[in-house]
Ligand SMILES: [Mn+2]
């Protein structure tokens with residue numbers, strides 16, 4: 001019986017700066033299958049031998065009008081079949097249609113959002129569905145009961161207003177302390193949805209992103225946060241990896257490493 005469905009979402013037309021994250025799902029799969037790393041999570045679980053998850057391949061996203069509806073429908077279908085959904089993006093705009101599905105099934109969902117950016121713009125360059133806006137749409141439609149953001153280091157006055165308006169709980173990167181127990185300190189009870197923007201990490205360890213914002217997490221910080229979660233993780237996305245900006249595929253391997261730990265946590 002499968003517990004988790006993996007889907008790639010090769011979509012980057014809502015990116016405001018560089019294109020490229022549409023290439024990420026395949027590059028992450030290539031890293032996992034390269035022979036450079038094995039398929040074990042750090043718990044020792046061999047994900048390659050694990051039969052409780054399935055890779056459904058990529059959602060075809062070339063039609064910009066229909067892609068969001070398609071993503072929402074695909075995710076809804078998996079949840080109806082009692083599957084948790086783990087997606088590989090894609091730019092961050094995809095989190096809105098995914099949460100449009102989740103919000104209907106999980107009225108008390110807590111999102112833990114890793115990012116350099118709050119992604120709460122009301123609109124950017126006239127696009128309300130920009131990769132800078134998904135969490136504004138999600139909170140307007142009350143698709144989650146709590147939004148907790150970590151890694152943030154780019155708050156401007158507009159986003160500060162949006163944080164206030166939507167009662168977003170932000171732990172800014174400048175205030176982060178290693179070993180901080182998010183679940184305990186913020187009294188999170190779950191279920192949890194994880195949304196991981198690769199640019200939450202410092203560009204020195206993950207250069208393959210569209211927007212550089214130094215001063216972020218080390219890979220180990222993010223792995224520790226994921227591994228220490230005890231609540232039920234019912235869904236997750238890993239977004240904004242941009243292979244066109246990468247150096248020697250190093251960010252592909254970072255994304256693959258995060259993928260292994262997130263998947264192991266969801267099984
Ligand atoms: Mn970001």
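None of the figures in this text is laboratory data; all of them are computed from the coordinates on show. Not measured: the values here are computed from a predicted model. Heads up, the Cβs are rebuilt from the backbone with ideal geometry, glycines too, and the neighbour counts pull from every protein chain shown.
How many times 2.2 N^0.38 Å is the alpha carbon radius of gyration of the chain? Don't skip to the answer; put the middle values down first.
Values: Rg = 16.7 Å, N = 267, 2.2 N^0.38 = 18.4 Å.
Dividing the Cα Rg of the chain by 2.2 N^0.38 Å gives 0.91.
Along Cα→Cβ, 7 Å out, is where each label goes; now give me the distance between the ones at residue 187 and residue 2 in nm to one decimal.
3.9 nm
Starting from the Cα of residue 227, step 7 Å along the direction of its Cβ; do the same at residue 82; then give the gap between the two resulting points in nm.
According to this spin-label approximation, the distance is 3.1 nm.
Taking neighbour counts of Cβ atoms within 10 Å as a proxy for exposure, in what order, fewest first, do 181, 63 appear?
So the ranking, lowest neighbour count to highest, is 63, 181.
So for 234, 209, fewest C-beta neighbours within 10 Å to most, what's the order?
Values: 234 20, 209 25.
Going from least to most buried by this count: 234, 209.
Only Cα pairs within less than 10 Å get springs; with that Gaussian network setup on the chain, which residue of 255, 73, 236 has the largest fluctuation?
Judging by the Gaussian network model, the answer is 73.
Let me check I have the definition right: for region 94-139, take the eigenvalues of the Cα gyration tensor, multiply each by 5, take square roots. What are those semi-axes in whole Å, largest first?
Whole-Å semi-axes of the equivalent ellipsoid: 20, 12, 8.
What's the exposure ranking of 220, 146, 19, 137, going from fewest to most Cβ atoms within 10 Å?
Ordered from fewest to most neighbouring Cβ atoms within 10 Å, 220, 146, 19, 137 come out as 220, 19, 146, 137.
As a test, work out the antiparallel percent of DSSP beta bridges whose residues both lie in region 110-267, rounded to the nearest 5.
So the antiparallel bridges in region 110-267 amount to around 5 percent.
Working out 0.36 nm times the residue gap between residue 167 and residue 155, then minus their Cα-Cα distance, what length gain in nm do you get to one decimal?
2.9 nm
GNM, the chain, Cα, under 10 Å: largest mean-square fluctuation among 92, 17, 113?
Comparing 92, 17, 113 in a Gaussian network model of the chain, the most mobile one is 17.
Return the tail of the calculated pair distribution for region 114-238, meaning the percent of Cα-Cα pairs more than 24 Å apart.
Distances greater than 24 Å cover 25 percent of the Cα pairs.
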